[in-house]
Amino acid sequence: MEEAMASTGSEELLSEIPSSVGLERIDEDEMEDSPRPSIAGRTKRRLLAEAEGGGLADSPLLGYVMSAHKSSPRQGGGGRYPGKKLTKTPSIGYIDAGAEELGAVPMRGKHRHDWLKVQANTFTNWVNDRLSGSRSNYSGALVHDLKTDFQDGILIIKLLEALTGKKIQGVVRDPIFTAQKISNLDQSFAFMQEEGVYFTAIGSQNIYEGNLKLIMGLIWTLIQHYQIMRRNTKVSAKELMLNWMQSLLPNSKISNFSSNWRDGRALLSLIHEIKPEKAPPVSSLDPRKNLSNCTLAIRTAKIYLKVPPIISPEDLVSGEIDELSMMTYISYFVKPASKAVLKWVNEVLPQMKITNLTTDWNNGIALAGLLNNLFPGLFPKWKSLSPEKGEENIQRVFDIAKAKCGIEPNLSAREMTDPSIEELHMMTYILRMRSSNLLSLPEHIDISGLGIKEAKLGRQTHFFINTTQAGSGDTFVSAFYEDETGLKFSQVEKRPGILKVIYTPEKSGKLHFNILWSGVPVPGSPFLVSVSDTNAVRVLEREDIDTTIHVQSPVVIKVDATAMEHGSLTARLMYTDSPPLIPEVTSDSRIYTVQFVPVTVGMPTLRFYWDKEELKNCSIEFTILDTRQYHISHLPKKSQYYTFDPIRFVVESREGLPLHPLKMPVLKVQGSTARYPVTLEEKSPQEYLAHFIPWELGAHDISITLGGFPIPGTPCEFNAVTSASTTCSATGSGLQRALTSIPAQFLVQATSGLLEEGNLSIQVQSVVSGYYGKVRVRDNENSSYNVAYLVDTPGAYLVHVKAWDQHIPGSPFKVNVSYGPQAHNCILSGKAVDPNFFVKIGDPIEFSVDGRKAGNGMLNVSAVGPRGAQARVFTAKGSRSGLYDVQLDPIRPGKYRVSVKWSGEHIPNSPFLVKIFPGADASKCRAYGPGLEDGMVGKPSTFTIETRDAGSGVLKVRLNGLRNAFKVDVKPVSTQNMRTLVAKYNPTKPGDYLISIKWSEVDVPGSPFKVRIGGEEIVNREQNHRTSESRLTELETIQEEYQQTESQFSLEDWTKKQRHYNHRQQQPLLPAHANFSSSMPKFGQGHGISYQSNFATRGGIASRGGAGVKKSGGSSKQTKKHQQHNGRSMSNGTHPKKSTLKK
């Protein structure tokens, strides 16, 4: 099992990394064969001697060198340290407890000497890395022994210049004397003090004397200042880096810089977090293969993150490495980590361009935006924050992040506003945001809306659940009635964190809503909702309520609301043009009494409301009258009137108000046996003229009422007596005007029996021609006769009405007869009348009607479509009398039967059908088949396009890819199935292609489709043959490039070419630059589809879907003729066999 595991994991990944970046052992022969042992060799011998005496001969710390590239033992290396190898050199001497003040933390016990060597080696490697860095000009200056190499001050000055990029003045570059060396050290300490690097109990003399503990303390102070943290804060370097690591690797549980890193998994996790593609995930690593893991991590960090390997895998695994060494090594990861964090920040917060992890965050706006984008809704108004209120903004972010996500700030808001803030501080807080989740806070859920309190039976209601402030969790809602039957409801997310619960109660009573957040009931759950039935509210004795009342008359109405548990009743008397009247409403055990006294005339509606909801089943319409506003003038004042003598009087408004909005006055004239009809003629909106003709002898009563209330001055009486000159009369519109072809009518009042006795004679005669019209008389058997006559010719006529051979008063009557309606003379015109006319829904449908020769009549147009749908009809009179413009607006597609009538009679060509087709709907198209998937060169492929339910439109198939690769041919499946199309292509070049399928310029679902063609390119022999036949044409090399090719096929053209093919017995091809759009031959079968073919022509040679042969100069007439005559061959991208092209 262990052998099997050894073949996988970090060892397998380690084999993929060049061995030139890693660790190698120094052969002792190398040191012995050297004519003059180097410092590393001498140090090696001292280390071996010490190891033999101390029992460390087998220690893995011995004999390793760090190199960037593999080099010969005798020749210098060619990497970061040219000419020399950096040897892990143990320092002579030990750091005592006093070094703790400067950062060096000693181990206790038998490992004391080992960790000191590792730390000294780590610090030495760090110094040499900084001396050979990009900002340094001292790549040849190396430190081999910390105790002695700083003695003259030169290397420490070079180190400071490399760290700061500044030149230190007053330095003796080649010191010989002790004073010169001490002077150099003094200059270095003065420079460090200017840089803000301070020391206690250490000076130039200590360095000159080789006090190792103070030298290592000095180096650690420089590491902290220039690589970890420049400013002194309440947080130590270790705490700062530990907070950063815990935020960056929240799942690794980092608590120290020693034991947590021994198995290499934490280091690989750090690399994986920065460069996920370069390091394996922790779950795939075996902690038992710690050396392989550590080796892989150090090599990967060197190659991909440019982190120098200042520690060895053996040191890391052995447990002898100290925290300062590990912190020094980990500090190299700050720069690549900050780049990765900045990249992530700009992806999450694209509204701002963040360039650093310090000053860009001081005003708090970026922090607020990042918080809101990570957790939508937590800080919605972050863009409106003022940059001048940085501390206030950051504190608000801290408060919200802690309350909602549990994110603890690592600094105060004021410290965050400091432009010189450490990058690690800001990165730590940002990483805490990234790794945090919203807390589950059910107490912060807000339930709102009327639907969570009460509901009406059978009426949809809703309420909202706002979880935006409740952190992370899931919402669970259940509802049931009192009898424990469930309630059907739906949940709709209006926006993130806002849930809308919609339901319609089917039972009255109590509803129970249980609302849980991550399994915890929200405050107030379960919620009790009272469901009431407003239909149970009813008006008592409604049939006995008099709805026509006089002003100042009190109205009392009883309303029964005993079925309602909650709420109250209100009422309003609503006028259309006056302020509403608020009735008085009182309640006695849910029996409401509604009282009001109307003071305004009108026709108001009494509306009832239950908790502001109108009870439409209880509304009552009233008519409020005031007879005092009316005045009757010219009433009969004589005691006697003659029969057939007209009696006239006037009904008018005193207040000048119109009469028609109210109930019209009721006029009744009653004789001894007969009730007379009264004619009202409007003289103005405030005045009407009333008249009638009494024909019965004896007493008569005239009564005028308004809503049952008598008008002041009525009723009145008069007596009718006979008069020899007024025994008969005639009234009616037929005595004033008439139309040809339409019967004209009037009424004759006379004594009964005249018609039977032959004493009533009526004739209608033309004044010009003497023509007599047709007359029909009917006895009403109430002393009146209905007369109707009909004439065919317009002109002036005389109507003779005689009784007992004597003209009655007014006879003969003069009548002007005009042309009547003649529907057959109407003319219907316009595209819509064409039987082959069809149009998409939404397009104008217009036609005209010419009725100038159709006489007097009325135009009526109607359009009935599928399922009785009525199209809206708009009719406008033209510029000349008798001309009409008609426009139809159908509401759904289908066949519409349009009827055009002239005074009720169909005009010629009416009715007619109009076909309405649906518009293009790309979402109803469907494209599928292997041709829309990856394929191989030389393997033909197809795909299918369904347009059956997509309405009318134009189909476009476009190929994006390599030039001259291949073309896509699109054809219908058959002439019986025009709505299903098959696209074919045979790829000849490998590559990535996009197939775009559009319906009326809109992508169908899934378009564009990505297709990858694999394999090797196939040379098109047909193209080579074509080129060889075109020797008379100057050729040019067409470089391979990307282009677009379109395949848009015309259905109509395809059908025509198919017939042409049957006739010519050859394959039909489309001409160059062809654009076709087919019409729809039959409704319901392949309608509304238009396929197009667009081809490109290059230099006179037409090509389809690729580059052609370019012709130098203009095309000749012979070339053009050839193109016109052989268009089909040219559209296929090849020359005709008999080419007449000239150079």
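Each value in this text was obtained by applying a stated rule to the coordinates, not by laboratory testing. Computed from a predicted structure; not experimentally measured. Heads up, the Cβs are rebuilt from the backbone with ideal geometry, glycines too, and the neighbour counts pull from every protein chain shown.
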message = Run the simple label-point estimate for THR178 and ARG434 please: 7 Å along Cα→C-beta, distance reported in nm.
response = 5.5
note = Calc'd 3J(HN,Hα), region 809-818, phi into Karplus 6.51 cos²θ - 1.76 cosθ + 1.60 (θ = phi - 60°), Hz, glycine/Pro = x, comes to x, x, 7, x, 8, 8, 10, 9, 9, 10
request  = Starting from the Cα of ARG648, move 7 Å in the Cα-to-Cβ direction to define the label point; list residues of region 791-825 whose amide nitrogen is under 14 Å from there.
outcome  = none
message = On alpha carbon coordinates alone, what is the Rg over Rh value for region 571-642, Rh being the Kirkwood radius?
response = 1.27
query = Length gain on complete extension for the stretch ASP921 to ASN816, per 0.36 nm per residue less the alpha carbon to alpha carbon distance?
reply = 31.8 nm
task = Run the dipole for region 240-362 about the Cα centre, Lys and Arg Cβ at +1, Asp and Glu Cβ at -1, nothing else charged, and hand back the magnitude in debye, nearest 20.
result = 400
task = Give me the distance in nm between label points sitting 7 Å out from Cα along the Cα-to-Cβ direction at ASP792 and VAL551, one decimal.
result = 6.1
query = For region 727-818, what value does the Rg/Rh ratio take when both radii are computed over Cα atoms and Rh is the Kirkwood radius, given to two decimals?
reply = 0.95
ask   = Extension gain HIS566-THR586, at 0.36 nm per residue separation less the Cα-Cα distance, in nm?
value = 5.6 nm
task = Send over the per residue convex hull volume for region 447-494, Cα only, as a whole number of Å³.
result = 105
inquiry  = Neighbour counts of other C-beta atoms within 10 Å: give me HIS566, HIS425, HIS550 arranged from fewest to most.
reply    = HIS566, HIS550, HIS425
ask   = Along region 297-308, what does the Karplus equation 6.51 cos²θ - 1.76 cosθ + 1.60 (θ = phi - 60°) give for ³J(HN,Hα), rounded to whole Hz, x for Gly and Pro?
value = 5, 5, 5, 4, 5, 5, 6, 9, 10, 6, 8, x
ask   = For region 320-331, in order, what is each residue's ³J(HN,Hα) by Karplus, 6.51 cos²θ - 1.76 cosθ + 1.60 with θ = phi - 60°, in whole Hz (x at glycine and Pro)?
value = 8, 6, 8, 5, 5, 5, 5, 5, 4, 5, 5, 5
inquiry  = Longer than 29 Å from Cα to Cα, which of LYS383/LYS1010; LYS253/LYS343; LYS381/LYS402; LYS814/LYS901 are they? Say none if no pair is.
reply    = LYS383/LYS1010; LYS814/LYS901
note = Distance in nm between GLU239 and GLN736 label points, each 7 Å along Cα→Cβ, equals 10.8
message = Net charge within 11 Å of GLN395 by Cβ-Cβ distance, Lys/Arg positive one each and Asp/Glu negative one each, not counting GLN395 itself?
response = +1
query = Treating the beta-carbon of each Lys and Arg as +1 and of each Asp and Glu as -1, no other charges, what is the dipole magnitude of region 333-432 about its Cα centre, to the nearest 20 debye?
reply = 360
request  = Place +1 on the Cβ of every Lys and Arg and -1 on the Cβ of every Asp and Glu in region 802-959, take the dipole about the Cα centre, and give the residue among ILE827, ALA927, PHE917 whose Cα lies farthest towards its positive end.
outcome  = ILE827
remark   = Computed about the Cα centre, the charge dipole of region 727-818 from +1 Lys/Arg and -1 Asp/Glu charges at the Cβ has a magnitude in debye, to the nearest 20, of 340
remark   = So, relative contact order of region 442-532 in percent, Cα under 8 Å, 6 or more apart, is 36
query = In region 153-192, what chymotrypsin sites (Phe, Trp or Tyr not before Pro) fall in a loop by DSSP, with at most 15 other Cβ atoms inside 10 Å?
reply = PHE177
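Take SER769, SER741 and order them by how many other Cβ atoms sit within 10 Å, fewest up front.
SER769, SER741
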remark   = Taking the dipole of region 531-615 about the Cα centre (Lys, Arg +1; Asp, Glu -1; charges at Cβ), the one of THR576, ILE549, TYR609 that reaches farthest to the positive side is THR576
request  = Would you mind getting me the FRET efficiency between ALA674 and SER578? Use the beta-carbon distance for r and R0 = 51 Å, nearest 0.05.
outcome  = 0.75
remark   = Of the residues GLY842, VAL775, HIS807, the Cα lying farthest along the dipole of region 700-858 towards its positive end, which is defined by charges on the beta carbon of Lys, Arg, Asp and Glu, belongs to GLY842
